[in-house]
1. For the range 119-130, what does the Karplus curve 6.51 cos²θ - 1.76 cosθ + 1.60, with θ = phi - 60°, yield as ³J(HN,Hα) per residue in whole Hz, taken in order and with x for Gly and Pro?
2. In sequence order, what are the phi-derived ³J(HN,Hα) couplings for the range 260-268 according to the Karplus relation 6.51 cos²θ - 1.76 cosθ + 1.60 with θ = phi - 60°, rounded to whole Hz, with x for glycine and proline?
3. Please work out the average accessible area per residue across the chain, using the 1.4 Å probe convention, and give it in Å².
4. What is the set of long-range amide H partners of Val217 at a cut-off below 5 Å, with H atoms built 1.01 Å from backbone N?
5. Can you give the helix-only mean residue ellipticity at 222 nm for the chain, where every DSSP H stretch with n ≥ 4 adds -39500 (n - 2.57) and the sum goes over all residues, rounded to the nearest 500 deg cm²/dmol?
6. Using the Karplus curve 6.51 cos²θ - 1.76 cosθ + 1.60 with θ = phi - 60°, what ³J(HN,Hα) values do you get for each residue of the range 240-247, in whole Hz, with x for Gly and Pro?
7. Given the options Ile81, Ile165, Ile96, state which has the largest fluctuation in a GNM of the chain using a 10 Å cut-off (strictly under) for Cα springs.
8. What FRET efficiency do you get for Ala182 and Ala74 if R0 is 35 Å and r is their Cβ-Cβ distance, rounded to the nearest 0.05?
Amino acid sequence: MAEAIVIDGKVVAARVRQGVAAAAVELRARHGIVPGLAAILVGDNPASQMYVRSKARACAVAGIASFEHSLPEATAEAEVIALIERLDADERVDGILVQLPLPSTIAPQRVIDAIDPQKDVDGFHPLNIGRLWSGQPTLVPCTPQGCLILLKTVHSSLAGAEAVIVGRSHIVGRPLAALLTAADCTVSVTHSKTRDVPAICRRADILIAASGQPAMVKAEWVKRGATVIDVGISQVVAPDGTTRLVGDVDFAKVRAVAGAITPVPGGVGPMTIACLLRNTVIAACRRRGLSDPPELS
């Protein structure tokens, strides 16, 4: 059997961004609307700073207004919530992103709860989570949405497929389970207390690794011909002292067994910002009673 198709997340993300840019042009031309995304960064975490900078550049290319709020590490929780309340009331802002992790003195859930659900472009507000699980239209978490879009590039239909998700995080595993259930998959979610994870994975037509454990998923875990989506990204140090980025899947060996697989980097990662931009434009439309742009369907 030939090696797996490598699903190029950069190419797919570029298509999503093109759709976002076209929708933003249409919104401005027909309705005078410029979608706006506000990002809140508390502290000086380098990875978070890099993500926020990448988001700002992506907004500029897509025709989305970007509002950045960088706060000191010592900022009180009440100050962060007060800023969110101001952004909730700001008509220029259609989406609010609070960059995680937050300092240990701030409760993430209280901060997320303060975001207007209509502007919750991360899809983490309890109302949006409930709407997702109940099958109602909502703002979907970006990484799970990106995974679904990638799957649809190799599957014309997901109905009836057995899907296994390794990892039950609130950010990826659980919302992805809701999305795949809505797509008529039969879904299993494994976690640290699951017995015989490899045996469960071997049943999967679609295997999604989101555990945060480098190279956890081995070739013998994967059914021949399965589609494997690797959400993980970790930096590992080689014996010679160099570092490289790896996913939760042993890519080289699994590629020989799978039918399709995402690489790390260049797979799921590029989809996250693309879907954040997508959510921002969708939020701009829904807040004003407009239909979702056809370019983003």
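The values are calculated or read from the model by the stated rules, or taken from the named source; none is laboratory data. Note that the coordinates shown come from a computational prediction; the quantities given were computed from them, not determined experimentally. Here the Cβ positions follow ideal geometry from the backbone for every residue, glycine too, while neighbour counts run over all protein chains shown. Side chains included, ligands, DNA and RNA excluded: accessible areas come from the protein's heavy atoms. Shrake-Rupley method; radii C 1.70, N 1.55, O 1.52, S 1.80 Å.
1. Working through the residues one at a time gives 10, 7, 6, 7, x, 9, 5, x, 5, 5, 4, x Hz.
2. Computed from phi, the couplings for the range 260-268 are 8, 8, 9, x, 9, x, x, x, 6 Hz.
3. Here the per-residue accessible area is 46 Å².
4. Val249, Asp250
5. -12000 deg cm²/dmol
6. In residue order, the calculated couplings are 7, x, 6, 10, 8, 8, 9, x Hz.
7. Among Ile81, Ile165, Ile96, the largest GNM mean-square fluctuation belongs to Ile81.
8. E(calc), rounded to 0.05, equals 0.25.
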